[in-house]
1. May I ask you to list the residues in region 105-125 that are touching a residue at least 40 places away in the same chain (Cβ under 8 Å) and out of contact with any helix residue (DSSP H, G or I) (no Cβ under 6 Å at 6 or more places or on another chain)?
2. If you take the residues in region 24-51 that are within 20 Å of residue 149 (Cα to Cα) and touching a residue at least 12 places away in the same chain (Cβ under 8 Å), which one is surrounded by the fewest Cβ atoms within 10 Å (Cβ to Cβ)?
3. Taking residue 3, is it over 25 Å from residue 122 (Cβ atoms), at pLDDT below 95 and in contact with a helix residue (DSSP H, G or I) (Cβ under 7 Å, 6 or more places away or on another chain)?
């Protein structure tokens with residue numbers, strides 16, 4: 001089970017935390033005139049790769065958790081998914097400050113859409129300051145969404161299977 005691979009999960013947790021901080025700092029640097037759009041453009045592909053790696057791992061952990069709870073893999077056509085209580089139970093080992101990553105990610109996402117809007121990148125056109133501010137913000141949101149799942153799985157003793165099963169009832173603690 002993936003949730004037993006603590007070293008990998010801890011590394012992904014650190015990558016998500018440091019990556020989101022770096023992306024936010026990069027945006028602040030562009031806004032302050034300290035970093036250029038060219039620097040952001042050079043860091044864009046590695047940042048996206050890190051974000052997709054940590055988000056992908058978090059989604060795999062989420063899928064493992066759902067499979068353990070329901071006794072079978074969930075399919076997109078299933079009408080019944082995870083309840084709010086089950087989702088909250090999944091991140092119960094996550095430190096409280098890290099749980100703030102989700103509302104922070106939502107706030108950054110809303111702020112970015114309101115102030116910058118959508119951004120797109122084409123190698124045929126020069127990378128603008130607007131894109132240099134927007135892309136790191138969107139990438140940080142991806143990493144912040146993954147952070148509580150990774151943090152909880154890293155701090156949880158054992159695996160999801162050792163803590164939950166299809167027969168267990170979920171209770172809020």
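The values are calculated or read from the model by the stated rules, or taken from the named source; none is laboratory data. None of the values given here were measured: they were computed from a predicted structure. Here Cβ is always computed from backbone atoms with ideal geometry, including for glycine, and neighbour counts include all displayed protein chains.
1. The answer is 121, and nothing else.
2. Here the residue is 48.
3. yes
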